[in-house]
Amino acid sequence: MENQMEESAPQGSGAAAAGRAVPTNVVGMSPVFTDPLWRISVRLNPVEVDLLRTEPLRRLHFVAHGGASTLSTLQSYSRLEHTLGVLALVAHFRPEDQLLRVAALLHDIGHLPLSHTLEGISGLDHHAIGLRLLRTDPIQPALEKHGLSAEAVIAALGEQPPSPLTNRSGLLSLDHLDSYVRSGRSAGRLDTDPAVLLGRIDIEQAAVSADRETAASLVGLICAEARLHTSWDNVGPVSAVRRLACRLLDHTTLDPDHLARMTDPQLWSAFDSCAATRAESAMIRYELHRLQVTAGPAPGESSGWDYSLRKIYSSAPLVEGQRIEVSAPELAAELDALRSLPTEFRVRWS
């Protein structure tokens, strides 16, 4: 593997330094990537190195995982950091499953700038975009070079059979596990060392399973994330940026497909270049405290705009292999209480 890595390294000083690349290098310059959250070391396969050097994967390094809430919180890590964390988890639990490892690397390539912030605008859907990217250059040729097909990866990302990567049956997947724990770390609410947490987790029924104490910690992170999504810190900046993106599409020649493939810096540059968005773009970044958010409808309110939260995530871990409703009903009740969180808001500038 080391020889393969050296052969694929660029020529010049970069190649000479390849052996000294830091363990968190994200372009395959080091044969082993070590995720700093989980402290899992992953020996990268040749296909994984090739994929990390494609534009769709590199682009994720410039897309904030936390979306517009990166403006109001310290959730400043990238979508690529999360992607590599998911790869590390898959490599930990299913080290020999090359297809699932590749699917982990590619599962988020369709995300829009600022991740979920612009989802749904002009019908944009990051899942559909991701499927298109899997079937085109440069991803499809990179897969075929190593004997893999885009259709096989798409099947691994599908609903049937259930996958521990993207389990969509209401159970906690590795994708969401990384999201909750990584977000918890950035918010200072992670009360257990992730490496210790990992030792108490297994995969059963294609879902995350844990002992009762660890499941309680995970439910706490899930509930905290839901409260973040319904808080001023998320609703205010997300709703304001969505409004700007719609205005940008209305007042420029930019089309939705082009918007979808921008990075975060390119989106802010576009806002600053458009007369219809320039002033409010600056307000969002430098006067964010002026945003006021009210839960529920505001009858008779003429100023501001409405915002509806698309979804509250509440996927549950198994508790010692059993559904949480059966094995830990008090934890199930905590997750069920998330249904009462507000999803309709009125937002305005003070």
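Just so you know, all these numbers are worked out from the coordinates, no wet-lab data involved. Quantities reported herein were computed from a predicted structural model and do not represent experimental measurements. Reconstructed Cβ throughout: ideal geometry from the backbone, glycine too, with neighbour counts over all protein chains shown.
Where the second residue is surrounded by 21 or more Cβ atoms within 10 Å (Cβ to Cβ) and the first is part of a strand (DSSP E or B) and lies in region 22-41, which pairs have Cβ atoms under 6 Å and are six or more apart or on separate chains?
Sorted first by the residue in region 22-41, then by its partner, the pairs are PHE33/VAL42; PHE33/LEU44.
Using the structure shown, decide if GLY184 is more than 24 Å from LEU165 (Cβ to Cβ) and under 20 Å from the mean Cα position of the chain (by Cα).
Values: more than 24 Å from LEU165 (Cβ to Cβ): no; under 20 Å from the mean Cα position of the chain (by Cα): yes.
So GLY184 does not fit the description; no.
Working only within region 115-139, note down all residues that are on the phi > 0 side of the Ramachandran plot and out of contact with any Leu (no Cβ under 7 Å at 6 or more places or on another chain).
Step one: of region 115-139, the residues on the phi > 0 side of the Ramachandran plot are 115, 120, 122-123.
Selection gives SER115, GLY120, GLY123.
Please verify whether region 190-212 includes one or more residues that are over 22 Å from GLN98 (Cα atoms), within 20 Å of the chain's Cα centre (by Cα) and surrounded by fewer than 17 Cβ atoms within 10 Å (Cβ to Cβ).
No, the conditions are met nowhere in region 190-212.
Inside region 78-122, can you point out the residues that are more than 24 Å from GLY147 (Cβ to Cβ), of a type in the set (Gly, Ala, Ser) and out of contact with any helix residue (DSSP H, G or I) (no Cβ under 7 Å at 6 or more places or on another chain)?
Correct list: GLY120 only.
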